[in-house]
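Okay, so here's the structure we're looking at.
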Amino acid sequence: MNSIQEIIQSPPQIKTSREAMIPKLEGLNSSKPISFASTIKDFLAAVNEGQIEAATKTRDLIQGKTQNLADVMTTLEESKLSFQLMLEIRNKLIESYQEIKRMPI
């Protein structure tokens, strides 16, 4: 069992979705242009991967392959938040499109 001092001195490293995106963000400085469509496609793929990971961890918990409830709940919450963000982005895009459609020519 770890003592409190050991935990304080070296806390566990948790890799968040933001940390996973850092290598992609560093690639933005390249001279190659990045299209809006590819950005949306990458975002949708990341949301899909999060949903699949959450489903897999939930299934493993139900089947008794893992006992780490905190990890499963964290993954589920991250998946839920990324899905909600995706829906809000979709709603804003649709709203913007409809606003452009209403503009007089």
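The values are calculated or read from the model by the stated rules, or taken from the named source; none is laboratory data. For clarity, every value in this text was computed on a predicted model and none was experimentally measured. When we count neighbours, we look across all protein chains shown, and the Cβ atoms used for this are built from the backbone with ideal geometry, even at glycine.
The figures follow:
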item	result
Qualifying residue in region 84-94 (condition: under 25 Å from A37 (Cβ atoms) and surrounded by 13 or more Cβ atoms within 10 Å (Cβ to Cβ))	yes
Looking only at region 52-83, and only at residues there that are hydroxyl-bearing (S, T, Y) and assigned to a helix (DSSP H, G or I), the one that is surrounded by the most Cβ atoms within 10 Å (Cβ to Cβ)	S79
Members of region 60-87 found to be among the basic types (K, R) and either under 14 Å from the mean Cα position of the chain (by Cα) or modelled with pLDDT of 95 or more (or both), listed by number	K80
